[in-house]
Amino acid sequence: MIEIRGLKKSYGEKRVLGGVDLTVPDGAKFGLVGINGAGKSTMLRLIADVLRPDAGEIRLDGEIVTGNAKKRRELFFLPDDPYYASGTTAEKLIALYSTFYSFDRSVFRKYAELFSLQMRTPVRNFSKGMRRQMFAALALACHPRYLLLDEAFDGLDPLARLELKRGLIEMEDCTVIISSHSLRELEDICNSFALLDGGAIADAGDIRETLGMVHKF
């Protein structure tokens, strides 16, 4: 379970999160929705302990995540634009992630074939969509307890989106948080959501019930 209480974060004079309270239950496929600049990426980075909060706390299974190396090993955070060195290849990334996670090479091979990934080609030569597919395959193969995806489907073609959604649904013992600017994009995979606006949670609940109340005129 992810428990967030009183979470605040600012960059200089700009307040991004102004006291967020949120609970994400175990095994949930959870959508974090908001417009660009709403603070979705910042919130995921705080949960992953990439950033430190100005105030408040984040607990995973009752343990504070800040500075907690043991809990960080249960997390996989996939940012919108992952970092990689100039000579990085898929093979080198597999070797890296295998030292931190119980990496399932058979899962990675499955998605590498589906996505037609080039194993020895430098990642810098990939298109944005191809880089996204490769890092998504790595995330699925690591099978963490907590998976944080920032704009997970951005740059993916329809087939790749479908395969990624299938892979996430099959991870039954994994709690997944997916950020997106579109609630509709998440309706076929997420069972609950929170809307981040103005540095706070403006709305939250069951994603299908909420979409069911939307009418077109």
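Check A202 against each of (1) in contact (Cβ under 8 Å) with a residue 24 or more places away in the chain; (2) in contact with a strand residue (DSSP E or B) (Cβ under 8 Å, 6 or more places away or on another chain) and name the one condition it does not meet.
So the condition that A202 fails would be (1).
What number goes with the only condition from (1) touching a residue at least 60 places away in the same chain (Cβ under 8 Å); (2) over 30 Å from A38 (Cα atoms) that L168 does not pass?
Tallying (1) touching a residue at least 60 places away in the same chain (Cβ under 8 Å); (2) over 30 Å from A38 (Cα atoms), L168 fails exactly one: (2).
How about the range 102-136: which of its residues are among the small types (G, A, S) and outside any loop (DSSP other than H, G, I, E, B)? Spell out the reasoning first.
Just the residues of the range 102-136 that are among the small types (G, A, S), to begin with: 102, 106, 112, 116, 127, 129, 136.
Once the filter is applied, which keeps residues that are among the small types (G, A, S) and outside any loop (DSSP other than H, G, I, E, B), the range 102-136 yields S106, A112, G129, A136.
Report, by residue number, each residue of the range 168-195 that is surrounded by 15 or more Cβ atoms within 10 Å (Cβ to Cβ) and either at positive phi or in a loop (DSSP other than H, G, I, E, B) (or both). Please lay out each step first, then the result.
If we filter the range 168-195 for residues that are surrounded by 15 or more Cβ atoms within 10 Å (Cβ to Cβ), which is where we start, we get 168, 171, 174-180, 183, 185-187, 189-195.
Answer for the range 168-195, where residues must be surrounded by 15 or more Cβ atoms within 10 Å (Cβ to Cβ) and either at positive phi or in a loop (DSSP other than H, G, I, E, B) (or both): M171, C174, L183, E187, I189, C190, N191.
Filter the range 116-145 for residues that are over 14 Å from L93 (Cβ atoms), open to solvent by less than 60 Å² (accessible area, probe 1.4 Å) and out of contact with any strand residue (DSSP E or B) (no Cβ under 9 Å at 6 or more places or on another chain) and give the result.
The answer is G129, and nothing else.
Just one of (1) within 22 Å of N191 (Cα to Cα); (2) within 13 Å of the chain's Cα centre (by Cα) trips up L46, so point out which.
(1)
Quick one: A95 ticks every box in (1) assigned to a loop (DSSP other than H, G, I, E, B); (2) farther than 18 Å from E3 by Cα bar one, so which box is it?
Among (1) assigned to a loop (DSSP other than H, G, I, E, B); (2) farther than 18 Å from E3 by Cα, the lone unmet condition for A95 is (1).
For residues in the range 69-96 being touching an Asp or Glu at 6+ places or on another chain (Cβ under 6 Å) and among the basic types (K, R), which is least open to solvent (accessible area, probe 1.4 Å)? Give the steps one after another, and end with the answer.
Going residue by residue through the range 69-96, those that are touching an Asp or Glu at 6+ places or on another chain (Cβ under 6 Å) are 71-72, 79-80.
Checking the rest, the ones that are also among the basic types (K, R) come to 71-72.
Values: K71: 7, R72: 90 Å².
Residue satisfying both the conditions and the ranking: K71.
What do you reckon, is G87 of a type in the set (G, A, S) and either in contact (Cβ under 8 Å) with a residue 24 or more places away in the chain or over 27 Å from D154 (Cβ atoms) (or both)? Give the derivation first.
On the way: of a type in the set (G, A, S): yes; either in contact (Cβ under 8 Å) with a residue 24 or more places away in the chain or over 27 Å from D154 (Cβ atoms) (or both): yes.
When the stated conditions are applied, G87 passes them.
Looking at the range 24-48, which of its residues are in contact (Cβ under 8 Å) with a residue 60 or more places away in the chain, farther than 21 Å from E172 by Cβ and in a loop (DSSP other than H, G, I, E, B)?
Selection gives G34, I35, N36, A38, G39, A48.
Could you tell me whether any residue of the range 146-154 is crowded, with 16+ Cβ neighbours inside 10 Å, aliphatic (A, V, I, L, M) and more than 14 Å from the chain's Cα centre (by Cα)?
no
The values are calculated or read from the model by the stated rules, or taken from the named source; none is laboratory data. Being a predicted model, the structure only gives us computed values, none of them experimental. For neighbour counting, all protein chains shown are included, and Cβ atoms are generated from backbone atoms with ideal geometry for every residue, glycine included. Accessible surface areas use protein heavy atoms only, side chains included; no ligands, DNA or RNA. Shrake-Rupley method; radii C 1.70, N 1.55, O 1.52, S 1.80 Å.
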